[in-house]
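Written below as structure tokens is the structure these notes are about.
The values are calculated or read from the model by the stated rules, or taken from the named source; none is laboratory data. Computed from a predicted model, the values in this text were never measured in an experiment. Here the Cβ positions follow ideal geometry from the backbone for every residue, glycine too, while neighbour counts run over all protein chains shown. The accessibility values were calculated without ligands, DNA or RNA, using every heavy atom of the protein model including side chains. Shrake-Rupley method; radii C 1.70, N 1.55, O 1.52, S 1.80 Å.
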Amino acid sequence: MHAIREALAAFRRAPLLTALSTAMVALALYVVGLFAVASYNLHEALERVEERVEVVVYVRDDARDSEIQLLEEELRSMEEVADTRYYSKEDALQRARVDLPEFEELFTDLEVNPLPASVEVELGAGFRTPESVARVADRASIYPFVEATRYGQEWVDRLFLLRRIGGITTAILGSAFAVVAALIIGTAVRIAIFARREEIHVMRLVGATHGFIRRPFLLEGALTGILGGGLAVALTYASYLGVSRLIFRLEWIPLEWVVAGIAAGGLFGLLASAFALRRYLREV
Amino acid sequence: MIKLNHVTKEYARRGKALDDVSFQVKKGEFAFLTGHSGSGKSTTLRLIHMADFPTGGEVLVCGFSSNVTTPRDVWKLRRRVGFVFQEFRLLPGRTALQNVTFALEVTGTPRKELASQGRRLLAQVGLAVKSGMQAHELSGGEQQRVAIARALANEPLVLLADEPTGNLDERAARGIMELFRDLNARGMAVLMATHDLDLVRAYPDVRVLELNEGRLVFDSAAPEVADEPAPARDA
């Protein structure tokens, strides 16, 4: 109870210092928040592109229905494959007419349908990698009635290279931002504790235990971090709304990220307090 | 109550601050600790308060030995030994009463008793009527009285004072001295460091311990001193 009372009293006694510490924490986490929104949206965009990765298996005109059915069954039994869809020659022509209306006349004048039947293979989440795609294509190619398989190897390779670069960049920049945020939060909390070093000294003087001294400061550090985290979320959300309305549509980060961000603020504040206090508690 | 056994304190850069110092202050005794600046007065008080530990010998205070007590356990000693500084060290932004109740709260006084106990302590140092004033609104003498009231929060057996009158005018200094005498009369041992020899001379019945360059060079209670005229203390 004393710890809670003292932590809250410290906010009341030095509102400017509290506001400054909270603002420093908020700004540090705001940068992290903006980065989180950017990386989340990049990740989502890549996911959407990735969902379009599929293998198309073209079958010869003389392939029997039972053979195609067997092919589909075998492909569906692979862990990489989520689903398969068969498109007959007629379906292919129909789709071509819809997709390429400018060639409508050409398609009408055809005496023979030149488009092959095909099986489109949808890959499961987590299996849209160049290796999985190639494995599925190789399996389909074994069948003699399969004329060709297409999956845009070059395109898939580039997509995954882009994804890898994105992942590494996110990890490096994210870590750097997190470290900078931790240092700023640490400094803000240290300043707050430095301002109250005389209080710590008096507590030591009259016989306070380490725990008694530490508790309100830890709580204060955690509260500063949580408040700063909350403020950072509000600032990030305002920026997200602004960009979404004025420039281009963005996705808001998941709730778990928001909670994790605020909790990280609290944890950083708590750890920074514990670290800063060590020095003053060492002074007997 | 306080016993220093061949105590030496050596710092890496400054060298020896105390050199083989031994003396004892008994329960209910009042003693001045005098000497030049840098003679080792503050170091002695810090060792007694266990704000620092000796590099040789042993300090015994209220049953706590410097050879056994760890920095984590020092709080137990602090609840039996009060400390008053020259520069008061009151918490800014708090009233006289809040400065005292802060110490009471730290030492576990129930919340509902804080105000009444704080006022009682302030009354004991003659500041009952100024309990609501901010620390900076009080005079130097009054601030030192608040600091003493704070030091009394634990009902200590020993009161250590490091130049408590150093920042005060003569009248205020006498007032603080009378307060110490009053506390001593109630059974509290008082060890007061001062370089003010006029103040020391004004209380001839008080024991004097004199340090010079880290060595105890004079003890008015020592048997040889009792037999002979006390050496001149004009340092």
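Once you charge only the Cβ atoms, +1 for Lys and Arg and -1 for Asp and Glu, what is the size of the charge dipole of segment A:54-150 about its Cα centre, to the nearest 20 debye? Provide the component values of the computation, followed by the final result.
Values: 11 positive and 24 negative charges, 62 e Å.
Rounded to the nearest 20 debye, it is 300 debye.
To two decimal places, what compactness ratio does chain B give when its Cα radius of gyration is scaled by 2.2 N^0.38 Å?
1.01
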Exercise. What order do you get for A:132-143, B:76-87 when each peptide is scored by the mean count of other beta carbon atoms within 10 Å, highest first?
Worked result: B:76-87, A:132-143
Problem set entry | Estimated vicinal HN-Hα couplings, Hz - segment A:28-36 in sequence order (Karplus 6.51, -1.76, 1.60; Gly, Pro = x) | 4, 6, 4, 4, 5, x, 4, 5, 4
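Using the Kirkwood radius over Cα pairs, work out the Stokes-Einstein diffusion coefficient for chain A at 10 °C and 1.306 mPa s, in µm²/s as a whole number. Working shown, then result.
Values: Rh = 23.8 Å.
The calculation lands on 67 µm²/s.
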Exercise. Relative to the longest principal Cα axis of chain A, at what angle does helix A:2-13 sit, 0 to 90 degrees, rounded to 10?
Worked result: 90
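Count neighbours as other Cβ atoms within 10 Å of each site's Cβ, and list the chymotrypsin sites (Phe, Trp or Tyr not before Pro) in segment A:186-284 that are DSSP loop with at most 11 such neighbours.
Details: sites: A:Phe194, A:Phe212, A:Phe217, A:Tyr237, A:Tyr240, A:Phe248, A:Trp252, A:Trp257, A:Phe268, A:Phe275, A:Tyr280; in loops: A:Phe248, A:Trp252.
Loop-located and lightly packed - A:Phe248.
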Problem set entry | Calculated diffusion of segment A:121-200, Stokes-Einstein form, Kirkwood radius summed over Cα pairs, 10 °C and 1.306 mPa s, µm²/s | 92
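Nothing charged except the Cβ atoms of Lys and Arg (+1) and of Asp and Glu (-1): what's the magnitude of the dipole of segment A:96-180 about its Cα centre? Round to the nearest 20 debye.
Working: 8 positive and 13 negative charges, 172 e Å.
In total the dipole reaches around 820 debye.
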Problem set entry | chain A - charge dipole about Cα centre, Lys and Arg +1 at Cβ, Asp and Glu -1, debye rounded to 20 | 3480
For this session: Enter the Cα centre distance for the pair segment B:130-179 and segment B:64-99, rounded to the nearest angstrom.
Result: 14
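Which value, to two decimals, describes the C-alpha radius of gyration of the protein assembly as shown once divided by 2.2 N^0.38 Å? Show your work: numbers first, answer last.
Details: Rg = 39.9 Å, N = 519, 2.2 N^0.38 = 23.7 Å.
Rg over 2.2 N^0.38 Å, computed on Cα atoms: 1.68.
Of B:Asp162, A:Asp65, which has the most accessible area with a 1.4 Å probe, and how do the rest follow in descending order?
Details: B:Asp162 25, A:Asp65 115 Å².
The most accessible residue leads, giving A:Asp65, B:Asp162.
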Seminar exercise, completed: In degrees rounded to 10, the 0-90 angle between helix B:140-151 Cα long axis and the longest Cα principal axis of chain B is 90
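Over all residues in B:72-82, what is the mean tally of Cβ atoms on other chains that come within 10 Å of each residue's Cβ? Intermediate values should be presented prior to the final figure.
Details: counts 4, 1, 5, 12, 2, 1, 7, 3, 1, 2, 3.
Per residue, the average neighbour count from other chains is 4.
Remind me, relative contact order of segment A:1-138 in percent, using alpha carbon pairs under 8 angstrom and six or more residues apart?
Values: 108 pairs, mean separation 43.8, N = 138.
Answer for segment A:1-138 is 32 percent.
With the other protein chains left in place, how much accessible area per residue, in square angstrom, belongs to chain B at a 1.4 angstrom probe?
Details: 10580 Å² over 235 residues.
I get 45 Å² per residue for this part.
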Seminar exercise, completed: Across A:198-205, the residue-averaged tally of Cβ atoms belonging to other chains within 10 Å stands at 6
Exercise. Taking Cα pairs under 8 Å and at least six residues apart, what relative contact order does chain A come out at, in percent?
Worked result: 31
Problem set entry | Listed residue (A:Ile262, A:Thr108, A:Thr149) projecting farthest to the positive dipole end of the protein assembly as shown, Cβ model | A:Ile262
Exercise. Viscosity 0.692 mPa s, temperature 37 °C: Stokes-Einstein D of segment A:54-150 from its Kirkwood Cα radius, in µm² per second?
Worked result: 231
Seminar exercise, completed: Calc'd 3J(HN,Hα), segment A:242-251, phi into Karplus 6.51 cos²θ - 1.76 cosθ + 1.60 (θ = phi - 60°), Hz, glycine/Pro = x, comes to x, 5, 4, 7, 9, 10, 8, 6, 10, 9
For this session: Using the Karplus curve 6.51 cos²θ - 1.76 cosθ + 1.60 with θ = phi - 60°, work out ³J(HN,Hα) for each residue of segment A:48-58 in order, rounded to whole Hz, and write x for Gly and Pro.
Result: 5, 5, 4, 4, 7, 6, 8, 10, 10, 9, 8
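Beyond a 22 Å Cα-Cα separation, which of these cross-linked pairs lie in this structure: B:Lys16/B:Lys76; B:Lys16/B:Lys41; B:Lys27/B:Lys76; B:Lys27/B:Lys130? Mind showing how you got there, number by number?
Details: B:Lys16/B:Lys76 28 Å; B:Lys16/B:Lys41 13 Å; B:Lys27/B:Lys76 18 Å; B:Lys27/B:Lys130 32 Å.
Listed pairs above 22 Å: B:Lys16/B:Lys76; B:Lys27/B:Lys130.
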For this session: With an 8 Å cut-off on Cα pairs and a minimum separation of 6 or more residues, tell me the relative contact order of segment B:108-203 in percent.
Result: 26
Exercise. Under a Cβ-Cβ cut-off of 14 Å, what is the net charge of the residues other than B:Asp182 that fall near it, where Lys and Arg count +1 and Asp and Glu count -1?
Worked result: +3
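Let me know the mean shielding of A:206-218 by other chains, meaning the per-residue number of their Cβ atoms within 10 Å of its Cβ.
Rounded to a whole number, the mean comes out at 5.
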